[in-house]
Amino acid sequence: MPSRRLLLAIREESIANLIPRENRLAGHSRARFPLPPRTRDAAREAVIKPLVGTGRSFASGVAEKLVDDLRTTEVINHVGQTRMTAEFVEPMRLQVVCYALWRALPDLAEVIIEDDLHRYADIGLTVAEFCGEMVAEVAAEYRIPASELHDWLERTFITELGARGAAYEGLNAAGGMWNSIASAMETRHILKSEPRAGTHWNKVHNESHVNPIRRHSA
């Protein structure tokens, strides 16, 4: 029988729930690997390697351009616009944009050029669509208008200057909304939880989510 491998990607705080099932899933042959934000070189490798054997490739410098675009976030606040270039690339942001590019490319496209990035993988638009879809999923699950959730996200987790704020997660609610909804938003990478001195706080997952949330709630 050919060997099989199972790869599970889970949040760090959920590891405790997996431990009782590890033996059943993998026996003694198992390993854990952290998935931290990617360096520029690691992100470039993650962009290029999945294309091996597909008949597609990036033109010279295009993969690097995509990675640098992924590292750059434009934050529009009440005093102007700021471009922020991070040292690392968030895995979620990398996955969402690369998936959108791959899905949108014409079937006959063999070499991905810079124009393809602008045409099929506009990062701002792609992240905005992702945020809108995830919020719509939570709204449908809890039978709440999506506009109400967008308003809550902006009111609770974005400051008046357009920066990420944080809200304390109480026994039942976070920023006036049920904890279960905040958890659903975290599962979909809209929010992230941070432990602070024995308490939990929630904030917007990434700076790149700020503008889409503000546009949707406007």
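Projecting label points 7 angstrom from Cα along Cα→Cβ for Glu137 and Thr187 puts them 0.9 nm apart. Residue by residue, the stretch 132-143 carries 3J(HN,Hα) couplings of x, 5, 5, 5, 4, 4, 5, 4, 5, 4, 9, 6 Hz when phi is fed to the Karplus relation 6.51 cos²θ - 1.76 cosθ + 1.60 (θ = phi - 60°); x denotes Gly or Pro.
Surface listing: His205, His118, His28 arranged by accessible area from highest to lowest gives His28, His118, His205, probe 1.4 Å. Taking every protein chain into account, the accessible area of the stretch 157-218 amounts to 48 square angstrom per residue (probe 1.4 Å). Partners of Lys203 within straight-line reach, counting lysines whose Cα lies under 18 Å from its Cα and excluding those fewer than 8 residues away in the same chain: Lys192. Around the amide H of Gly165, modelled in the peptide plane, lie the amide H atoms of Ile158, Thr159, Val204, all under 5 Å away and 5 or more residues distant in sequence or on another chain. Modelled spin-label separation between Ser180 and Arg214, with each label point placed 7 Å from Cα along the Cα-to-Cβ direction: 3.3 nm. Candidate cross-link partners of Lys49 among the lysines, defined by an alpha-carbon separation under 21 Å and a same-chain spacing of 8 or more, comprise Lys65. When only Cα pairs below 8 angstrom with a gap of at least 6 residues are kept, the chain shows a relative contact order of 17 percent. The GNM of the chain, with springs linking C-alpha atoms under 10 angstrom apart, assigns the highest mean-square fluctuation among Arg32, Arg24, Arg188 to Arg24. The distance between label points at Lys65 and Trp102 comes to 2.1 nm (points 7 Å beyond Cα on the Cα→Cβ vector). The length gained by stretching the chain between Val52 and Glu148 to full extension, at 0.36 nm per residue less their Cα-Cα distance, is 30.2 nm.
Per residue, the convex hull spanned by the alpha carbons of the stretch 132-218 comes to 84 Å³. Here the gap between Arg4 and Asn172, fully extended at 0.36 nm per residue and compared with their Cα-Cα distance, gives a gain of 56.3 nm. Taken one residue at a time, the phi angles of the stretch 159-167 give Karplus couplings (6.51, -1.76, 1.60, θ = phi - 60°) of 6, 5, 8, x, 9, 6, x, 9, 10 Hz. Gly and Pro are set to x.
Let me check against my output: what whole-number percent is the relative contact order of the stretch 94-199, with C-alpha pairs under 8 Å and at least 6 apart?
This gives 18 percent for the stretch 94-199.
All alpha carbon pair distances within the chain were sorted into 5 Å bins beginning at 0; the resulting P(r) in whole percents reads 1, 6, 12, 15, 16, 16, 14, 10, 6, 2, 1, 0, 0.
The values are calculated or read from the model by the stated rules, or taken from the named source; none is laboratory data. Since the structure is predicted, the reported quantities are computational estimates derived from the model, not experimental observations. With ideal geometry, Cβ positions are generated from the backbone for all residues, glycine too; neighbour counts draw on all protein chains shown. Surface accessibility is based on the protein's heavy atoms, side chains included, excluding ligands, DNA and RNA. Shrake-Rupley method; radii C 1.70, N 1.55, O 1.52, S 1.80 Å.
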